[in-house]
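Read the structure below first, then the notes.
The values are calculated or read from the model by the stated rules, or taken from the named source; none is laboratory data. Quick caveat, the model's predicted, so the values are computed rather than measured. Heads up, the Cβs are rebuilt from the backbone with ideal geometry, glycines too, and the neighbour counts pull from every protein chain shown.
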Amino acid sequence: MPPLTKDEIGRLLPHGGSMCLLDTVEAWDETTIRCRTATHRDSNHPLRYRGRLSVSVGLEYAAQAMGVHVGLLDRDRQTVGRIGYVGSVRDVTFAIDRLDDTVSDLIVEATRLAEGDQSYMYRFTLLLDNRTIIEGRASIFIKAVS
């Protein structure tokens, strides 16, 4: 499928501006998505705390990649008034302490493992220089909002 720009990504997420953390979707298909970003190096990153960007913020990057993937898959369905929530994360491992002290782009990959009526399970991996720095699984739940 074709790549997506930051503006296109922003239309698939419930928040935009500086909280849209992904710069591009490089590739996606029915089960996987691969995104790239440099926002982890931004000194004005909205999730920085005490001048640092903790590796745990990588979970938000993964959640956004999964959310974009669900949005792409659901383009033909009615999505207005629906929002996705991370229900749980499991088996998460971190190989570094922080995200902001690198010059490399961050790669975010997610693979859908299962799909229910209003839920999805994904495996996710974040990479720097082809090295896995975060991996785990997450459940996403879709709920109606009013």
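Identify the residue in region 84-121 that is modelled with pLDDT of 95 or more and of a type in the set (S, T, N, Q) and, among all such residues, is nearest to residue 58 (Cα to Cα).
For region 84-121, the residue satisfying everything is 93.
Does any residue in region 3-23 that is more than 20 Å from residue 126 (Cβ to Cβ) come within less than 6 Å, Cβ to Cβ, of a residue that is assigned to a helix (DSSP H, G or I) six or more places away or on a different chain, and which pairs are these?
Every condition considered, the pairs that remain are 16/10.
Just name the residue that is nearest to residue 9 (Cα to Cα) out of those in region 113-134 that are in a strand (DSSP E or B) and of a type in the set (Gly, Ala, Ser).
Among those residues, the one meeting the criterion is 119.
Which pairs do you get when a residue that is at positive phi, found in region 86-102, comes within reach of a residue that is at pLDDT 95 or above and assigned to a loop (DSSP other than H, G, I, E, B), reach meaning Cβ atoms under 6 angstrom, with the pair 6+ apart or on two chains?
Cβ pairs passing all conditions: none.
Listed residues 67, 81, 16, 58; which is under 15 Å from the mean Cα position of the chain (by Cα) and modelled with pLDDT under 90?
The match here is 16.
Quick check on region 108-124. Is at least one of its residues within 24 Å of residue 5 (Cβ to Cβ) and among the acidic types (Asp, Glu)?
Checked against the condition, which is being within 24 Å of residue 5 (Cβ to Cβ) and among the acidic types (Asp, Glu), region 108-124 yields at least one hit.
From the set of residues in region 1-26 that are small (Gly, Ala, Ser) and surrounded by fewer than 15 Cβ atoms within 10 Å (Cβ to Cβ), which is nearest to residue 65 (Cα to Cα)? Spell out how you get there, then give the answer.
Here is the first cut: in region 1-26, the residues small (Gly, Ala, Ser) are 10, 16-18.
Right, trim to surrounded by fewer than 15 Cβ atoms within 10 Å (Cβ to Cβ) and you get 16-18.
On the way: 16: 14, 17: 16, 18: 15 Å.
So the residue we want is 16.
Of the conditions (1) assigned to a strand (DSSP E or B); (2) out of contact with any strand residue (DSSP E or B) (no Cβ under 8 Å at 6 or more places or on another chain); (3) not hydroxyl-bearing (Ser, Thr, Tyr), residue 137 clears all except one; give me its number.
Tallying (1) assigned to a strand (DSSP E or B); (2) out of contact with any strand residue (DSSP E or B) (no Cβ under 8 Å at 6 or more places or on another chain); (3) not hydroxyl-bearing (Ser, Thr, Tyr), residue 137 fails exactly one: (2).
Identify, please: which residue in region 120-144 is closer than 15 Å to residue 70 by Cβ and surrounded by fewer than 15 Cβ atoms within 10 Å (Cβ to Cβ) and is, among those, farthest from the chain's Cα centre (by Cα)?
Here the residue is 144.
Quick grid of which residues meet (1) of a type in the set (A, V, I, L, M, F, W, C); (2) touching a Lys or Arg at 6+ places or on another chain (Cβ under 6 Å); (3) more than 17 Å from residue 105 (Cβ to Cβ); (4) in contact (Cβ under 8 Å) with a residue 24 or more places away in the chain:
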{"position": "33", "(1), (2), (3), (4)": "yes, no, no, yes"}
{"position": "50", "(1), (2), (3), (4)": "no, no, yes, no"}
{"position": "58", "(1), (2), (3), (4)": "no, no, no, yes"}
{"position": "61", "(1), (2), (3), (4)": "no, no, no, yes"}
